[in-house]
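No value in this document is a laboratory result; all are computed from the given coordinates. All of these numbers come straight from a predicted model, not from anything done at the bench. Here the Cβ positions follow ideal geometry from the backbone for every residue, glycine too, while neighbour counts run over all protein chains shown.
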């Protein structure tokens with residue numbers, strides 16, 4: 001995705017959309033990086049994935065205030081539904097999953113990969129386009145967000161995790177891969193639309 005940090009003059013609507021996105025992104029980054037880490041990959045994954053999901057919900061609510069595009073509306077509504085359920089599922093198993101401990105031999109490489117994945121995602125989201133096409137902005141913000149979730153989930157599955165968390169993580173991978181495919185398919189049409 002090319003970085004289109006605006007050389008064009010942004011409309012008031014686009015500015016409001018982008019200002020809200022910036023707050024959502026910065027809040028997500030702070031919440032994901034400020035987590036008090038414990039000796040449990042399962043517990044850490046849940047604590048870091050919940051603010052990630054909450055950001056996706058907030059990003060979707062943000063675009064729904066401005067878009068008239070039915071396909072984008074449907075994507076946003078689907079994200080809200082799926083990620084709300086995923087948060088509820090993670091909260092339901094959090095206490096029991098925190099007790100699934102991992103040794104430093106697993107924790108260190110897990111966190112090294114997690115940090116690389118999350119930094120790449122943060123950087124890609126920060127460099128998403130800032131244009132008067134809010135639908136384009138949204139897709140280019142959400143695609144790396146979803147890709148980050150897939151990579152973080154695949155990273156967790158390499159290690160010993162709580163049995164109850166396993167199907168939740170696999171569901172995250174399935175749903176976010178489907179979302180990425182849907183958004184990437186829509187992207188050329190959105191890119192060529194009038195801003």
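Rank the residues 67, 131, 160 as a footprinting-exposure proxy: fewest other Cβ atoms within 10 Å of their Cβ go first.
Details: 67 17, 131 21, 160 13.
In order of increasing Cβ crowding within 10 Å: 160, 67, 131.
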Point to revise | Residues residue 74 and residue 15, FRET efficiency given R0 of 25 Å [Cβ-Cβ distance, rounded to 0.05] | key: 0.45
**Study point:** the chain: most fluctuating residue of 106, 48, 83 per GNM, C-alpha cutoff 10 Å
**Key:** 106
**Study point:** Degrees separating the helix 134-156 axis from the principal Cα axis of the chain, which is the longest one
**Key:** 10 degrees
Point to revise | Fluctuation leader among 129, 167, 51 - the chain, Gaussian network, Cα springs under 10 angstrom | key: 167
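Using Cα-Cα distances under 8 Å and only pairs 6 or more residues apart, what relative contact order does the stretch 45-195 have, in percent?
Working: 131 pairs, mean separation 40.8, N = 151.
That works out to 27 percent.
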Practice item. Measure nothing fancy, just the Cα-based angle from helix 104-126's long axis to the longest principal axis of the chain, in degrees from 0 to 90, nearest 10. Key: 10 degrees
Practice item. Between 35, 134, 150, find the one with the highest GNM mean-square fluctuation for the chain; connect C-alpha pairs within less than 10 Å. Key: 35
Point to revise | Mean residue ellipticity (222 nm) of the chain, computed from DSSP H runs ≥ 4 via -39,500 (n - 2.57), nearest 500 | key: -26500 deg cm²/dmol
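Within a 10 angstrom radius of the beta carbon, how do 141, 94, 184, 82 rank from fewest other beta carbons to most?
On the way: 141 26, 94 17, 184 13, 82 20.
Least crowded to most crowded, the residues run 184, 94, 82, 141.
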Check your understanding: By how many degrees, 0 to 90 and rounded to 10, does the Cα axis of helix 70-98 deviate from the longest principal axis of the chain?
Key -> 20 degrees
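Taking the number of other C-beta atoms within 10 Å as the exposure measure, put 65, 54 in order starting with the fewest.
Numbers: 65 11, 54 17.
Ranked by crowding around the Cβ, least crowded first: 65, 54.
Residue 91 to residue 119: FRET efficiency via 1/(1 + (r/R0)^6), r the Cβ-Cβ distance, R0 25 Å, to the nearest 0.05?
Details: r = 26 Å, r/R0 = 1.05.
In this case the efficiency is close to 0.45.
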